[in-house]
Amino acid sequence: RETLSIGAFAKAAGVGVETIRFYQLKGLLPQPDRPDGRIRRYGRSDVVRVKFVKSAQRLGFSLEEIVQLLKLDEGT
């Protein structure tokens, strides 16, 4: 499994690091654990999720609506 630092993750998703942190605060993106005190690592599924959020925003969905869409996708 490929893992990315937050900087590489942000670059791959086409957003800034602060956007990643903001999405985590808003519940749009889960915050990964820090194994053994190391830096957090992100995967390709996280990149896909951020790209989905950005696409939904461009279509006019609010962040609250996007949270609901993501919950539907997760089956909750």
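Numerical summary
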read-out: Counted residues, segment 4-30 - those being closer than 21 Å to E74 by Cβ, open to solvent by 50 Å² or more (accessible area, probe 1.4 Å) and assigned to a loop (DSSP other than H, G, I, E, B); value: 2
read-out: Residue that is outside any loop (DSSP other than H, G, I, E, B) and open to solvent by 70 Å² or more (accessible area, probe 1.4 Å), where the choices are D33, D46, D73; value: D73
read-out: Candidate set from segment 21-76 (those that are at pLDDT 90 or above and acidic (D, E)); member that is nearest to I6 (Cα to Cα); value: D46
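The values are calculated or read from the model by the stated rules, or taken from the named source; none is laboratory data. Remember, predicted model here, so these are calculated numbers, not experimental data. Cβ: placed from backbone, ideal geometry, glycine included. Neighbour counts: every protein chain shown. What goes into the accessible areas is simple: the full protein's heavy atoms, side chains included, and nothing from ligands, DNA or RNA. Shrake-Rupley method; radii C 1.70, N 1.55, O 1.52, S 1.80 Å.
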